[in-house]
Amino acid sequence: MLNNSPYVRRPASVTRVMGTVLAALVPAIGAYVWQFGPAILGQLLLATLTALACEAAMLAARGKPLRLFLTDLSVVVTAWLIALAFPATAPWWLVVSGTAIAVVVAKHLYGGLGQNTFNPAMVAYAVMLVAFPALMSQWPSALPDAITSATPLDALRTGLREAGASVASVRADGSVFGSLAGRGWEWLALAYLIGGLLLIQQRIITWHIPVGFILALAAISGAFWLADSARYASPVFHLAAGGSMLGAFFIFTDPVSASTTPRGKLIYAAAAALLVYLIRVFGAYPDGVAFATLLMNILVPLIDMKTQPPVFGHKGDNKV
Amino acid sequence: MSSYNYRDIFWNGFWRQNTGLAQLLGLCPILAVSTSFINGVSLAIATILVMAMSNATVSLLRNLIPYEIRIPVFILIIAALVTVLDLTMNAWLHELYLVLGIFVPLITTNCIVLARVEAYAAKNPALPSAVDGAAMGVGLMLVLAILGGTREVLGTGHLFAGIEMIIPGAQAIQVLPADYPGFLFAILPPGAFIALACLIAAKNWYEARQKHAQLQEKIGGVPAHHHS
């Protein structure tokens, strides 16, 4: 028997959504191991085990069914994002306590799956960055003989501020910088991009947030770069450095804490890009993705309220 | 003259209407000064003195103060008492005075002081008013001690830092291992908010459990099924 349109899409289960996100992170993990060594694998395992233990403890305390929520993989996604966002050189307790804060405080104290106002992984990152700034700013080096180095964003800012050098002369240091952005980091960015495109192709996320974020970040950094290319890095650098790609596809797109309306998603992503740029270039933190996420999470209810699409059949006059 | 149940007055200020956990008044000093145990408790002691004295003074003068201008008069009385305390601390506990800084003069503006003067001392005799003020202050001390102690241990790994300002020769105690890295977040303002929220949650949880137990006793020990 033939069916006629319109068809109703069966909503994807949480397990399928989260499983696809995990699969989309695999290229990045591969690039990470290739460029920075296998330490990340231990960190992923540590974060996953901590997250599952905290999730089980909180579910038990709240009288929720264990099996249903433990197997939905959502907490594993949080754990993997934390493991990828934290420096792989971080001591084990930093990852464990960060993951515990994400699951216990940011997820369950706010009401559990689907209720959290803030992105749990970014809460963990922000808390740990504020508490242990030195440990959170040291990253594994892409060079075989060095163990840690500053991130490309940090090295660029320090070089510009303290030495008064130009972008080109700071970036001549090949131990930290590569051809696009940071040595090793550009491969990671590419891998996140590939994983993110997979998410869009699988309809796990819509195009609005990644495209909005990337275009806005390119526009803002492009404007500064055109005005003074000696003091401001190029848009390509900003897109390939730090957590831009991880944020664009995996962090800002969090279905719970991000904006949900199409126009709202574009506003959300563009404002996040502006915050990322301001924090990176004029702030003192290694990257702006975490703080931009948390600040924009606060604004989501307002953005969503002001950008409700018209109800089907009305001509856009249903004012809220 | 009616008799006052002082135990009840004390319990009211210390627990039932606790300024930090139930009334949520005077949060500014609670959050700002609770970075260490000694800071918190010293400010709480200063507040206890001010609250007991201001409640007693206002209570004695309550029939002389015109109703319409009572608030400015109350504030003047409180401010005068705080100034006395401020100068006294400056003279006798100078180091502690420097640490607490602006928060000693700011006791004047702590709304819990004015709230008790207005809500209790203006309507009751001097002795119960003084007990009420002191009890509220002791309740504040409970919160500041727990909050300050927790934040200090989590943030630095030791407890009672600065005790030598009050007891000469005494020393801080290292609670956690010496190589504890120090969870700076606990000392920073967000740590204060989160720690206070946990304390309030703990009080609510304890009271909910007690209420539940009382209810069960009343209905004859039948276990309630309330699993979701």
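Results, tabulated for the structure shown:
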quantity	calculated
Chain A: angle of helix A:39-62 to the longest principal axis, Cα-based, in degrees nearest 10	40
Inter-site label distance for B:ASN5 and B:CYS28 at 7 Å from Cα along Cβ, in nm	3.6
Least to most buried among B:ARG151, A:ARG10, A:ARG171, A:ARG16 (fewest other Cβ within 10 Å first)	A:ARG10, A:ARG16, A:ARG171, B:ARG151
Modelled FRET efficiency - R0 60 Å, A:LYS64 with B:THR83, Cβ distances, 0.05 increments	0.60
Label-to-label distance, nm, for residues given as B:ILE71 and A:THR117 (7 Å Cα→Cβ offset)	2.9
Check: chain B dipole with +1 on Lys, Arg Cβ and -1 on Asp, Glu Cβ, in debye	660
Number of partner chain Cβ atoms within 10 Å, mean per residue of B:183-190	3
Nearest-0.05 FRET efficiency for B:ALA178 and B:ILE45, computed from C-beta distance (R0 35 Å)	0.70
Formal net charge of residues neighbouring A:ILE205 (Cβ-Cβ distance under 12 Å; K, R +1; D, E -1)	+1
Three-way shape label, chain A, alpha-carbon gyration tensor, a/c 1.5	oblate
Burial ordering of A:SER221, B:SER129, A:SER179, fewest other beta-carbon atoms within 10 Å first	A:SER179, A:SER221, B:SER129
Potential lengthening between A:LEU109 and A:LEU302 on full extension [0.36 nm per residue; Cα-Cα distance subtracted]	67.2 nm
Using alpha-carbon coordinates, inclination of helix A:185-201 to the longest axis of chain A, degrees	20
Span-rule helices in chain B, defined as complete DSSP H runs reaching 30 Å or more along the axis (Cα) with Kyte mean at least 0.5	B:37-61, B:70-92, B:126-156
Computed E for A:PHE282/A:LEU22 - FRET, C-beta separation, R0 45 angstrom, nearest 0.05	0.80
Gyration tensor verdict on the stretch B:6-214 (Cα atoms; rounded if a/c is under 1.5, prolate if a/b is larger than b/c, oblate otherwise)	oblate
Approximate spin-label separation B:ALA115-B:GLU164, in nm, with each point projected 7 Å along Cα-to-Cβ	3.8
For the protein assembly as shown, calculated [θ]222 nm from helices alone, where every DSSP H run of n ≥ 4 adds -39500 (n - 2.57)	-19000 deg cm²/dmol
Chain A: angle of helix A:289-306 to the longest principal axis, Cα-based, in degrees nearest 10	30
Added length on full extension, which subtracts the Cα-Cα distance from 0.36 nm per residue, A:THR260 to A:LEU45	74.2 nm
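Read the figures in this text as sums done on the coordinates, not as results from a lab. No experiment lies behind these values; they were computed from the predicted model shown. Positions of Cβ are backbone-derived with ideal geometry, glycine not excepted, and every protein chain shown enters the neighbour counts.
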